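J.: Below: one structure in structure tokens.
The values are calculated or read from the model by the stated rules, or taken from the named source; none is laboratory data. All values reported here derive from a predicted model rather than from experimental measurement. Methodologically, a virtual Cβ is constructed for each residue, glycine included, from the backbone with ideal geometry; neighbour enumeration extends over all protein chains shown. The protein model used for the area step is the full one, side chains on, heavy atoms only, and it has no ligands, DNA or RNA in it. Shrake-Rupley method; radii C 1.70, N 1.55, O 1.52, S 1.80 Å.
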Amino acid sequence: MKIVVFGLSITSSWGNGHATTYRGLLREMGRRGHEILFLERDAQWYETHRDLPEPPFCTTLIYKSLDELFADYGPEICDADCVIVGSYVYQGIEVGTWVSKHAKGIKAFYDIDTPVTLAALARGECQYLSEALIPCYDLYLSFTGGPTLDHIERHYGSRAARALYCSVDPMVHFPVQITPRWDLGYLGTYSRDRQPGLEQLLCQPASSWEKGRFVVAGAQYPSDLTWSKNTMRIEHLPPECHSEFYSSQRFTLNLTRKQMQIAGYSPSVRLFEAAACAVPIVSDHWPGLEQFFVPGKEILLASASQEMLRILQRFPDDERRAIGERARARVLQSHSAACRAEELEEYLTAL
């Protein structure tokens, strides 16, 4: 198939989880024989942080305006077998409207931020998707599964809402044989609704346990935040550094945004990345988590700082490593980029 994808970014992983998702998925789609054109709106914040400016597995076009894009590439978009428009695409409503009117092939919306999208739609504030546009797409691909899929079909009139969860790229994320530098780490862009969880499950344990070693990596944290002396800060960590980063932790923390906790069935990219590196994960709890990992066997759960401290200080080392290995086996079997490419292909061929 000839597939055109409008996405937030594939060239830069700075401050977003979209790029790593697109990279793994589209590389695997390319391996399955599909021809892919990725269209990315030029943005200054990504231009200065492009860690994969020319992906080898797809043709990538950076465009400055929709008028220019449609004038030069309109026929190619129209004739594609499938056009996918992603969440958070700049002028996504305009893009989707044009695609729905002119594209001859399958038209799909890929929502990497489903609970955020639905909350914004309910407020009438979504910038990249409108209620009227949803029925125009043949397929609504969602990072969130469970009851949300039925809601998208019943309430918004989607023709077909299907789960296409995030995934991990085993070529990028894998165990590195290295002595752990930190007892607990966290990788994630700053989010106001995740910050209380970070405070409770990392910052408070760090303050209580002076001998412990902690690390927080991610962009856009406010400059006025204070960190304990035993907590290291890393502003940006490109994907090629993730494996060593995760492997340098005895445990890693997974936190879920509030809207995704409420919706449930919303695993994060970082969750699968950490598991692929065989580092044991301590996570907050959300509905549907058990569908992806078995608590106590493949993942650990914590809701308070004292729970986290008990895990960090008392958990047997052999069992700690075993949990990490079982989580890695689970993601390689069910949550790799290759698995998602196969699922996407099945969805497209079923239409």
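J.: Which of Pro280, Tyr186, Phe109 sits closest to the plus end of the dipole of the chain, meaning its Cα is farthest towards the positive end, when Lys and Arg get +1 and Asp and Glu get -1 on the C-beta?
T.: Farthest towards the positive pole: Pro280.
J.: Enter the accessible area per residue of the stretch 95-175 (Å², integer; probe 1.4 Å; all protein chains in place).
T.: Result: 38 Å² of accessible area for each residue.
J.: Rounded to the nearest percent, how much of the accessible area of the stretch 1-114 (1.4 Å probe, protein heavy atoms only) is carbon and sulfur?
T.: Here carbon and sulfur together make up 50 percent of the probe-accessible area.
J.: Something else: Set the Förster distance to 35 Å, then compute FRET efficiency between Tyr190 and Lys2 from the Cβ-Cβ distance, nearest 0.05.
T.: Result of the calculation: an efficiency of 0.35.
J.: Right, next: Go through 249-260, 61-72, 295-306 and give me the packing order, highest mean Cβ count within 10 Å leading.
T.: In decreasing order of mean packing, 249-260, 61-72, 295-306 become 249-260, 295-306, 61-72.
J.: Compute the FRET efficiency between His102 and Ser303 as 1/(1 + (r/R0)^6), taking r as their Cβ-Cβ distance and R0 = 56 Å, and round to the nearest 0.05.
T.: After rounding to 0.05, the efficiency reads 0.65.
J.: Still on this structure, please answer the following. For the stretch 133-277, with equal point scatterers placed on the C-alpha atoms only and solvent neglected, what are the log10 I(q)/I(0) values from the Debye formula at q = 0.14 1/Å, to two decimals?
T.: Taken in order of the listed q values, log10 I(q)/I(0) reads -0.75.
J.: Would the stretch 12-71 count as rounded, prolate or oblate if I go by the C-alpha gyration tensor, calling it rounded below 1.5 in a/c and otherwise prolate when a/b exceeds b/c, oblate otherwise?
T.: Since a/c reaches 1.5 but b/c is at least a/b, the shape of the stretch 12-71 is classed as oblate.
J.: Would you list which aspartates and glutamates come within 12 Å of Lys104, measuring only between C-alpha atoms, while excluding same-chain residues fewer than 8 positions from it?
T.: Glu76, Asp79, Asp81, Asp138
J.: Same structure, new question: Whole number please: convex hull volume per residue of the Cα set in the chain, in Å³?
T.: 129
J.: Keeping all protein chains in place, calculate the accessible area per residue for the stretch 209-351 (probe 1.4 angstrom), answer in Å².
T.: In whole numbers, the stretch 209-351 has 44 Å² accessible per residue.
J.: Along the stretch 338-349, what does the Karplus equation 6.51 cos²θ - 1.76 cosθ + 1.60 (θ = phi - 60°) give for ³J(HN,Hα), rounded to whole Hz, x for Gly and Pro?
T.: Whole-Hz 3J(HN,Hα) from phi for the stretch 338-349: 5, 4, 5, 4, 5, 5, 4, 4, 5, 4, 5, 6.
J.: Right, next: According to the Kirkwood expression over distinct Cα-Cα pairs, how big is the hydrodynamic radius of the stretch 43-85, in Å?
T.: Kirkwood radius, the stretch 43-85: 12.3 Å.
J.: Can you pull the percent of the stretch 222-339's accessible area that's carbon plus sulfur, 1.4 Å probe, other chains left in place?
T.: 51
J.: Out of all DSSP beta bridges in the stretch 1-139, what portion is antiparallel? Express it as a percent rounded to 5.
T.: 0
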